[in-house]
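One structure is given below, encoded as structure tokens.
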There are 2 protein chains.
Amino acid sequence: MCELLGMSANVPTDIRFSFSGLVKRGGETGSHEDGWGIAFYEGKGYRSFHDPKASVDSEVAKFIQQYSIKSKQVICHIRKANKGRVCLENTHPFSRELWGQIWSFAHNGQLKGIKNKLLSGYLPIGTTDSEYAFCWVLSQLRETFPQKPKSKVKVRKLIERLCREVAEHGIFNVLMSDADNLYTYCNTKLSWLTRQAPFAEAQLLDTDVCVDFKEETSSTDVVTVIATEPLTSNEQWTKMVKGEFSVFSSGKKMYTGIR
Amino acid sequence: MCELLGMSANVPTDIRFSFSGLVKRGGETGSHEDGWGIAFYEGKGYRSFHDPKASVDSEVAKFIQQYSIKSKQVICHIRKANKGRVCLENTHPFSRELWGQIWSFAHNGQLKGIKNKLLSGYLPIGTTDSEYAFCWVLSQLRETFPQKPKSKVKVRKLIERLCREVAEHGIFNVLMSDADNLYTYCNTKLSWLTRQAPFAEAQLLDTDVCVDFKEETSSTDVVTVIATEPLTSNEQWTKMVKGEFSVFSSGKKMYTGIR
């Protein structure tokens, strides 16, 4: 199984505190040694860093821990391979363009029979069931809406339905973003918390790092962090329930559907 | 105008020597200060590094100069903005998936009226004429061949025709890759050289760096480097002619069409 980390914020925010906890799970406090990746949205722009090496040994991960990239949306994944060999093309987050936006996707779990679904318009580069599922979701979105629909609700409803359909194939904890929204689906494990004023200190679980967010933020900042397992020991994380589909934007939870 | 650098090799090869010359043109020996990007193919896998900052001031560029990524195909671009503001989504190389391969694209020049062409299946994220031209080329490829055709010649012929059509809109020096092939079109300036046994020393033009390729290579290595302007002072670069479309693969020039 893999580890996921996502962030949604109302101002460009540095994710290095959370990231430095997560990378420890890539070969030190966890056995997720089969590569990792992180994707940052900066406005409409998108850049990602991938490495097929274990995150604790990765020079790229060390660089990301030193270099501040401020972003309103981040998706990160560290991999424990089950299907698909360890190589660059099999490292999450995967990304594709739809409607002039970059969509990105990171998945925890295993999916059986997903590759029987028909794809149109998007094909996987690698061999993971995860990337295949992502291509199928985007294929369905584009088939249904060849142009971007004005109604955000229609898009959200379709994504929720598609997530529920993919989840029928196995375990499907997922983070997916289109630059504006962070779509999440919890099948077995996802937790989240929102940091906002009054800010306090936070202590990482996986490494002896503490940060005082009072000193790092301004009073109007709203930042939500989502992860497969809580990353800090002294904050109140909310565990999502099985079948929970939630959408975050600008740091806030905008929608939850549970079935 | 911008600067381009491409590499095609028959073995995974380190591009840092050429890159360290090119980055100097991003604000030091050249005035291309409006961001830069580099894309590496590792097998079918693809990773790129982008920064809207000038390459001479970029922490990401410093990291790339320190960290060895070996690749058989590389495309790099440093930007002097003419159309489209300085931001992440306007930095080359651009990339999209077609037929289960990542295609990437970097352009030097300006194109007038390119945005009157109809797109299908690919939309730009940013506002450059370059990304628009790339989306149009891919739209045409996909419209003509919804599935990947068996004939590589058919694909190459179509790309050549599309490049000539884009070039009617202005200045179009371009590097485009599909992981296997490096397609190049020279409108005003592109030069290339192939390094193979017997290897010798090379001296960069833009910075006082010299490398002895005898010590860095094995006797069967074949590496071709393509750039808008020659990068070394003591090697024989071949200047492409106006209207030259050439395709490189595994370090060798496989095709040239001139009109």
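No value in this document is a laboratory result; all are computed from the given coordinates. Since the model is a prediction, treat every value here as computed from it, not as a measurement. Cβ atoms come from the backbone with ideal geometry, glycine included; neighbour counts cover every protein chain shown.
With its label point put 7 Å out from Cα toward Cβ, residue A:29 sits 4.7 nm from the same residue's point in the other copies, in order from shortest. The value given for region B:141-259 is a Kirkwood hydrodynamic radius of 15.8 Å, derived from the mean inverse Cα-Cα separation.
Once the Cβ-Cβ distance of residue B:157 and residue B:11 is raised to the sixth power relative to R0 = 25 Å, the FRET efficiency obtained is 0.30. Annotation for residue A:148, label-to-label distances across the other copies: 3.0 nm (shortest first, one decimal, point 7 Å from Cα along Cα→Cβ). Over chain B, the alpha carbon radius of gyration divided by the compact-protein estimate 2.2 N^0.38 Å works out to 0.94.
P(r) for the protein assembly as shown, from all Cα pairs and a bin width of 10 Å, is 4, 19, 29, 26, 15, 6, 1 %, short bins first. Each of B:119, A:88, A:5 was scored by other Cβ atoms within 10 Å of its Cβ. Listed from fewest to most, they are B:119, A:88, A:5. Cα centroid distance between region A:7-38 and region A:200-259, in Å? Cα centroid of region A:7-38 versus Cα centroid of region A:200-259: 13 Å apart.
Taking the Cα centre as origin and putting +1 on Lys and Arg beta-carbons and -1 on Asp and Glu beta-carbons, what dipole magnitude results for the protein assembly as shown, to the nearest 20 debye?
Details: 68 positive and 58 negative charges, 493 e Å.
It comes to approximately 2360 debye.
For chain A, the longest principal axis of the alpha carbon atoms and the long axis of helix A:129-144 meet at an angle near 60°.
For the rotation carrying B onto A, the chain B residue whose Cβ lies nearest the axis, with the distance in whole Å, reads B:63, 2.
Write down Rg/Rh for region A:22-103, rounded to two decimals, with Rg from the C-alpha atoms and Rh from the Kirkwood relation over Cα pairs.
Numbers: Rg = 13.0 Å, Rh = 13.1 Å.
The Rg/Rh ratio comes out at 0.99.
Comparing B:74, B:225, B:241 in a Gaussian network model of chain B where C-alpha atoms under 10 Å apart are linked, the largest mean-square fluctuation is found at B:241. Cα-Cα over 24 Å: which of B:24/B:239; A:150/B:83; B:70/B:148; A:112/A:148; A:83/A:252? Long pairs (Cα-Cα over 24 Å): A:150/B:83; B:70/B:148; A:112/A:148; A:83/A:252. The gain in end-to-end length when the residue B:208 to residue B:57 segment is fully stretched comes to 52.5 nm, 0.36 nm per residue minus the alpha carbon separation. For region B:3-258, a crude dipole built from +1 on the beta carbon of Lys and Arg and -1 on the beta carbon of Asp and Glu, taken about the Cα centre, is about 1120 debye to the nearest 20. Comparing A:151, A:48, A:120, which has the greatest mean-square fluctuation in the GNM of chain A with Cα pairs linked when under 10 Å apart? Maximum fluctuation in the GNM of chain A, among the listed residues, is at A:151. With the charge dipole of chain B set up from +1 on Lys and Arg Cβ and -1 on Asp and Glu Cβ about the Cα centre, the Cα lying farthest toward the positive end among the listed residues B:233, B:73, B:172 is that of B:172. Applying the criteria of a DSSP loop state and at most 11 other Cβ atoms within 10 Å to the trypsin sites (Lys or Arg not before Pro) of region B:131-193 yields B:150.
Mean residue ellipticity, 222 nm, helices only, chain B: the sum of -39500 (n - 2.57) across DSSP H runs of n ≥ 4, divided by residue count and rounded to 500, is -5500 deg cm²/dmol.
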